[in-house]
2 protein chains.
Amino acid sequence: MTNSFNHNIQAAACGTSRIVGCRFSLFPMSDRFVPIILGALEQTDTSKVWVQSDDVSTCVRGRHEHVFDVVKSIFLQAAKSGEHVVLSATFSVGCPGDTEGDVFMSEDDVRLNEGNKTSVDTAAQFALYPMGVPHYMDVIYDAVKAAEAEGTFSGGIHYASRLDGTAQQVFRSLENAFVTSSTKTSHLVMTATISCNSPSAKPEHVQRKGE
Amino acid sequence: MTNSFNHNIQAAACGTSRIVGCRFSLFPMSDRFVPIILGALEQTDTSKVWVQSDDVSTCVRGRHEHVFDVVKSIFLQAAKSGEHVVLSATFSVGCPGDTEGDVFMSEDDVRLNEGNKTSVDTAAQFALYPMGVPHYMDVIYDAVKAAEAEGTFSGGIHYASRLDGTAQQVFRSLENAFVTSSTKTSHLVMTATISCNSPSAKPEHVQRKGE
């Protein structure tokens with residue numbers, strides 16, 4: 001598989017279907033990072049998505065429900081270790097040429113990992129990149145307004161917007177931002193850095209958010 | 001500072017200058033992650049860039065020479081620990097409204113951390129996002145062709161292109177891709193996941209690259 005990509009390029013590896021994908025890396029800041037990563041992958045039901053891992057990252061592809069379900073589950077499973085864990089992800093839909101794994105688009109919409117209700121205080125920094133359209137800043141503004149209404153938005157920073165809440169709340173806002181924005185452009189990318197169990201204090205304005 | 005951002009949004013926090021920025025997180029997969037991160041920051045001369053850290057990431061801003069110099073140095077310093085270390089970064093230029101830190105644009109172009117010649121085998125997965133223009137795929141194709149000519153390109157994967165080489169080679173290709181592409185669009189974003197000392201084997205076609 002990888003071999004066939006040898007002389008391809010980013011563009012060539014990307015169809016016309018609305019298959020959603022996420023390339024992510026899981027970073028447990030621990031000497032036990034290998035079992036934590038492998039355990040999180042094993043404890044997550046990935047049967048409704050295409051999956052491929054390499055030495056740098058893992059890619060999951062399919063319906064958006066299952067892509068977000070799987071990525072959230074992997075984060076939650078790793079969070080249970082109690083270690084400082086960060087998941088860095090790029091979500092994408094509509095990348096030109098993107099068809100591999102289309103068979104997974106015929107899955108139903110029943111999420112396989114909804115049973116994991118692990119609650120962990122989570123911070124995320126995310127950015128939306130609506131490609132090929134001049135009105136991309138409007139798409140971003142609208143998504144941020146939606147996150148404000150959901151109560152998770154906690155400020156703009158250079159190159160990103162911040163979300164705070166439980167992992168369940170943060171992932172819900174990320175999925176909403178992605179799915180809503182994806183209706184406004186053919187090719188949408190969203191990046192997110194999602195963190196829990198950090199020994200560093202959150203910024204003061206975030207700590208005061210609930211007051 | 002952060003407080004004033006409280007009710008801003010991603011767009012509002014982003015001018016018209018060509019100041020380059022990078023928001024990155026450093027992930028040492030080790031129980032010693034705190035001293036490794038703090039040590040890498042302390043051992044890097046950041047006097048020619050604007051710097052701000054929070055609990056999730058660090059943002060550096062200034063001339064592209066210094067942004068890439070500082071980010072590379074931080075990666076190299078952390079790599080010296082021998083631990084599996086990954087740096088996840090978003091580079092950006094031309095984000096609408098992006099002026100804070102413009103004073104750093106008057107620095108000269110002498111890089112402050114060039115003395116660090118640490119050599120470490122490095123893998124990177126990167127993606128370019130030229131914003132607001134219909135020809136964005138052409139910008140991406142050209143950058144990949146340039147990396148092929150430099151010898152670092154090692155294949156397209158979903159949502160990214162892969163680079164392999166020493167850290168010095170990989171960072172040079174990343175900077176070239178960013179700087180060249182930034183002349184073709186007003187607002188350019190590049191993401192990169194940069195890894196060293198991983199216990200996982202590189203894909204077979206990458207291992208055979210030098211043969």
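Computed from the coordinates by the stated procedures, all read-outs in this text should not be read as laboratory data. Only a predicted model underlies this, so the values are computations on that prediction, with no experimental measurement involved. Reconstructed Cβ throughout: ideal geometry from the backbone, glycine too, with neighbour counts over all protein chains shown.
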Point-charge dipole on Cβ atoms (K/R +1, D/E -1) for chain A, about Cα centre, debye to 20: 280 debye
Spin-label zone in the range A:64-78 - amide nitrogen under 17 Å from a point set 7 Å from the Cα of A:LEU38 along the C-beta vector: A:78
Kirkwood Rh in Å, taken over the range B:97-197 so that all alpha-carbon pairs contribute: 14.8 Å
Length released on extending from A:GLN52 to A:ARG208, taking residue separation times 0.36 nm less the Cα-Cα span: 52.1 nm
Ascending count of other beta-carbon atoms within 10 Å, so fewest first, for A:LYS72, A:LYS202: A:LYS202, A:LYS72
Relative frequency of Cα-Cα separations exceeding 20 Å in the range A:75-147, percent: 58 percent
Relative contact order (%) - the range B:53-211, alpha-carbon pairs under 8 angstrom, separation at least six: 35 percent
The range B:32-125 - Rg and Dmax from Cα coordinates, angstrom: 13.6, 40
Residue-count net charge about A:PHE171 - beta-carbon cut-off 10 Å; Lys, Arg +1, Asp, Glu -1: 0
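Stretch B:GLU150-B:VAL179 to full length: gain in nm at 0.36 nm per residue minus the Cα-Cα span? Working shown, then result.
Values: separation 29, 0.36 × 29 = 10.44 nm, distance 1.49 nm.
Fully extending the segment from B:GLU150 to B:VAL179 adds 9.0 nm.
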Over the range A:37-134, relative contact order from alpha-carbon pairs under 8 Å, at least 6 apart, %: 32 percent
Electrostatic dipole magnitude of the range B:24-136 [Cβ: Lys, Arg +1; Asp, Glu -1; Cα centre; debye, to 20]: 280 debye
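Semi-axes of the equivalent ellipsoid for the range B:12-171, please: Cα gyration tensor eigenvalues, times 5, square-rooted, ordered largest first, whole Å.
On the way: eigenvalues 115, 99, 44 Å².
In descending order, the three semi-axes are 24, 22, 15 Å.
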Label geometry 7 Å along the beta-carbon vector: A:LYS80 inter-copy distances in nm: 4.0
15 Å beta-carbon shell around B:MET137, net charge (K/R +1, D/E -1): -1
Order of A:SER53, B:SER25 under a 10 Å beta carbon neighbour criterion, fewest first: A:SER53, B:SER25
Ascending count of other beta-carbon atoms within 10 Å, so fewest first, for B:LEU174, A:LEU41, B:LEU188: A:LEU41, B:LEU174, B:LEU188
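Just the projected area, averaged over all directions, of the convex hull on the alpha carbon atoms of the protein assembly as shown: how many nm²?
It is 18.2 nm².
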Environment charge of A:LEU112, counting only residues whose C-beta is closer than 9 Å and scoring Lys/Arg +1, Asp/Glu -1: -1
Loop-located trypsin sites (Lys or Arg not before Pro) in the range A:103-182, at most 15 other Cβ atoms within 10 Å (DSSP): A:LYS117
Whichever aspartates and glutamates have a C-alpha closer than 16 Å to that of B:LYS202, once near sequence neighbours (fewer than 8 apart) are set aside: A:ASP54, A:ASP55, B:ASP121, B:ASP164, B:GLU211
The range B:46-61 - phi-based ³J(HN,Hα) in whole Hz, Karplus 6.51/-1.76/1.60, Gly and Pro as x: 10, 6, 9, 10, 6, 10, 8, 10, 9, 6, 10, 7, 10, 10, 10, 9
Dipole axis of chain A (+1 Lys, Arg; -1 Asp, Glu on Cβ), positive-most option in A:PHE153, A:SER173, A:CYS59: A:PHE153
